[in-house]
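A short worksheet on the structure shown next.
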């Protein structure tokens, strides 16, 4: 995601919703200061619901672009976390 997504509690917003959906993976700020990366695994319908949440974002955020790439689950994560 790109836009005003850093410094607006976006990672916590994603974390809360991903945990609610019981997804695994992580959310992390990127070094460019205006992007956030979300890697999530789980059932397709739950991932699509997370995408809807991401496109909305918290009130203080401004989402300009959401890039989506689908792939096979790696089962690398056992939970959903927030990285710096």
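None of the figures in this text is laboratory data; all of them are computed from the coordinates on show. Since we're looking at a predicted model, the values are computed, not measured. Virtual Cβ from ideal backbone geometry, glycine too; neighbours counted across all protein chains shown.
With the highest mean first, a sort of the peptides 65-71, 42-48 on other beta-carbon atoms found within 10 angstrom per residue produces 42-48, 65-71.
Normalised by the number of residues in the chain, what is the relative contact order in percent for Cα pairs under 8 Å and 6+ residues apart? Present the calculation step by step, with values, prior to reporting the outcome.
Values: 137 pairs, mean separation 37.5, N = 84.
Reported relative contact order: 45 percent.
Run the simple label-point estimate for residue 64 and residue 78 please: 7 Å along Cα→C-beta, distance reported in nm. It works out to 3.9 nm between the two label points. With the simple model of a label 7 Å out from the Cα in the direction of the Cβ, residue 20 to residue 34 spans 2.9 nm.
One-quarter of the Cα convex hull surface for region 31-81, in nm²?
Details: hull surface 17.9 nm².
If I average the Cα hull's projected area over directions, I get 4.5 nm².
Test of understanding: ordering 16, 24 by Cβ neighbours within 10 Å, fewest first, what list do you get?
Values: 16 14, 24 19.
Arranged by neighbour count, lowest to highest, 16, 24 become 16, 24.
Eigen-decomposition of the gyration tensor built on the alpha-carbon atoms of region 2-71 gives equivalent ellipsoid semi-axes of 19, 12, 11 angstrom, largest listed first. For the chain, the share of DSSP beta bridges that are antiparallel, to the nearest 5, is 70%.
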